[in-house]
Amino acid sequence: MAKGNGKTSAEAPLIGVIEAVGGAVDLSAYETHEGYAAARTALASMTPAEVIDLVKEANLRGRGGAGFPTGLKWSFVPQGDAAGSGPKYLVCNADEMEPGTFKDRYLMERNPHLLVEGMILGAWAIQASHGYVFLRGEYHAAYRQLQDAIDAAAAKGYLGKNIFGSGFDFELRIHRSGGRYICGEETALLNALEGKRAQPRQKPPFPPASGAWGRPTIVNNVETFCNVPAIIRNGAEWYHELGIGDDAGTKLYGASGRVKRPGLWELPIGTPIREIIEEHAGGMQDGYALRGILPGGASTDFLVAEHFDLAMDYGTIQKAGSRMGTGTMILMDDSICPVDMCRNLEHFFAQESCGFCTPCREGLPWVEQLLLDIEEGRGKEGDLELLDRNAAFIGGATNTFCLHAPGAIEPLASALKYFREDFEEHIRTGACRYR
């Protein structure tokens, strides 16, 4: 894994220190590379509103998938008397259950202090007194590294009471998740954090007004928080200059599948898809040709050859009919059956449904069974029309309580568009030519 593109540490705010140190970054190494300097500066000389305004100006968009402007989200938290009495909470979504996605694990295992500092800055900005890292339960190495970092920071007075002598208090803890994909939805995550069943909540109210235990709460992704220290140190203009196009900063891009060098790279946001695959991932393995990609994890629409020269940024990928999501691409080569790939994905999403909504609870298993029948030679005339109707209904954003079902159906809906001849061949011949 490498930051790629020959960028210096200052230009690679996420991976630069990791490469400079050459391994997992402890507190002393982190401090040698300006670690906690941004937090000291903010707590000593910036008001919470100034921190929020700087993050807004930098145009840091959430790196968890939705791409919502981070500073704007923070500004929704009521301050002063409007917040009422009681604590505010800052929560990091480190559950990372999106298939094909592994970027947050890398950051937590290799540079956990970057996340800790980013959360201190976020807490100062919204005046949160308590923070939680909602961590995927299977991330054992990340847990150890992050807990060590929290303990070391607390021992130096960077967490806890009167941080940097500022009078500001912030306690940070790790909550190890039981492991459900639905916890990627922030209100389901908050229910799980409170010890309840991980089901999404009715909105409004939204978490910035009423989140954990009914108090104002901000939920952001690991990579999002990890961008904040460099923004505070170097400013918004510097951050804008890192990006290509309308979006700002760098992005952790990943590629999995039959490429020569699968992995993760920190690159300017807006780097073209083809550059990521051919230069950084080394191109396809000998004997394989690329047919399609899921650009941001399993819950995004397929992109095909006509899209491979597009920039990997939020607006461009959305205009192409998909979502950048997590920016970690799953590649489908010409040895993989699109029908079976979709069946496998729908099996995962059907298992991970919280079961609250009928289209999700009943529709996804039905879709999975239809795909299994087609793959195993039991498909019949009319099955594709059934899949089309299910995709249209389940994919309707107003038909389910949250966006789990619409996201789950995206790869199938796009596969029916781009690879329909494979589905038709299965039904016509009763066989899969990829076996």
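The values are calculated or read from the model by the stated rules, or taken from the named source; none is laboratory data. From a predicted model like this one, the values you see are computed outputs, not experimental measurements. Glycine also receives a Cβ, built like all others from the backbone with ideal geometry; neighbour counts cover every protein chain displayed.
Just a few scattered comments:
- Here is the figure for region 244-255: residues that are in contact with a Phe, Trp or Tyr (Cβ under 8 Å, 6 or more places away or on another chain) and at negative phi total 5.
- If you go through region 244-270 and keep only what is closer than 17 Å to GLY325 by Cβ, outside any strand (DSSP E or B) and more than 15 Å from the chain's Cα centre (by Cα), you end up with ASP247, GLY249, GLY257, GLY270.
- Total residues in region 158-186, condition touching a residue at least 12 places away in the same chain (Cβ under 8 Å) and in contact with an Asp or Glu (Cβ under 9 Å, 6 or more places away or on another chain): 10
- Flag for GLU421 being charged (D, E, K, R), closer than 28 Å to SER335 by Cβ and surrounded by fewer than 16 Cβ atoms within 10 Å (Cβ to Cβ): yes
- Selection from region 352-393 of residues that are closer than 22 Å to PRO200 by Cα and in contact with a Leu (Cβ under 7 Å, 6 or more places away or on another chain): SER353, ALA391
- Qualifying residue in region 257-271 (condition: without any contact (Cβ under 8 Å) to a residue 12 or more places away in the chain and outside the structural domain of PRO205 (by TED's automatic domain parsing)): no
- Any hit, region 333-349, residues being of a type outside the set (Phe, Trp, Tyr) and in contact with a Gly (Cβ under 6 Å, 6 or more places away or on another chain): no
- Cβ-Cβ under 9 Å pairs, at least 6 apart or on other chains, region 15-32 side closer than 22 Å to PRO268 by Cα, far side among the aromatic types (Phe, Trp, Tyr): ILE15/TYR106; ILE15/TRP265; VAL17/TYR30; ILE18/TYR106; VAL21/TYR30
- If you go through region 78-123 and pick out every residue that is more than 20 Å from LEU27 (Cβ to Cβ), in contact (Cβ under 8 Å) with a residue 40 or more places away in the chain, part of a helix (DSSP H, G or I) and within 18 Å of the chain's Cα centre (by Cα), you end up with 2.
- Residues being assigned to a helix (DSSP H, G or I), within 22 Å of the chain's Cα centre (by Cα) and of a type outside the set (S, T, N, Q) - total across region 150-207: 10
- Taking region 302-316 as the range and being under 16 Å from ALA413 (Cβ atoms) and crowded, with 24+ Cβ neighbours inside 10 Å as the test, only PHE302 passes.
Per-residue answers, yes or no, for (1) assigned to a helix (DSSP H, G or I); (2) more than 23 Å from LEU14 (Cα to Cα); (3) outside the structural domain of LEU14 (by TED's automatic domain parsing); (4) of a type in the set (Val, Ile, Thr):
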residue: GLU275; (1), (2), (3), (4): yes, no, yes, no
residue: SER299; (1), (2), (3), (4): no, yes, yes, no
residue: THR316; (1), (2), (3), (4): yes, yes, yes, yes
residue: MET324; (1), (2), (3), (4): no, no, yes, no
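- Counting only helices (runs of 4 or more DSSP H) that sit wholly inside region 344-435, those with at least 3 residues that are within 16 Å of ASP301 (Cα to Cα) are 383-394, 404-418.
- In region 208-235, the residues that are surrounded by fewer than 19 Cβ atoms within 10 Å (Cβ to Cβ) and in a helix (DSSP H, G or I): TRP213, GLY214, ARG233, ASN234
- SER335 fulfils the conditions (1) part of a helix (DSSP H, G or I); (2) surrounded by fewer than 22 Cβ atoms within 10 Å (Cβ to Cβ); (3) touching a residue at least 60 places away in the same chain (Cβ under 8 Å) except for a single criterion, (1).
- Among the numbered conditions (1) over 22 Å from GLY64 (Cβ atoms); (2) of a type in the set (A, V, I, L, M); (3) in contact with a Lys or Arg (Cβ under 7 Å, 6 or more places away or on another chain), the only one that ALA152 does not meet is (3).
- Test: residue in region 283-291 that is within 27 Å of GLU306 (Cα to Cα), among the aromatic types (Phe, Trp, Tyr), in contact with a strand residue (DSSP E or B) (Cβ under 7 Å, 6 or more places away or on another chain) and in a strand (DSSP E or B): no
- GLU266 meets all of the listed conditions (1) acidic (Asp, Glu); (2) out of contact with any Ser or Thr (no Cβ under 8 Å at 6 or more places or on another chain); (3) buried (at least 17 other Cβ atoms within 10 Å of the Cβ) but one, namely (2).
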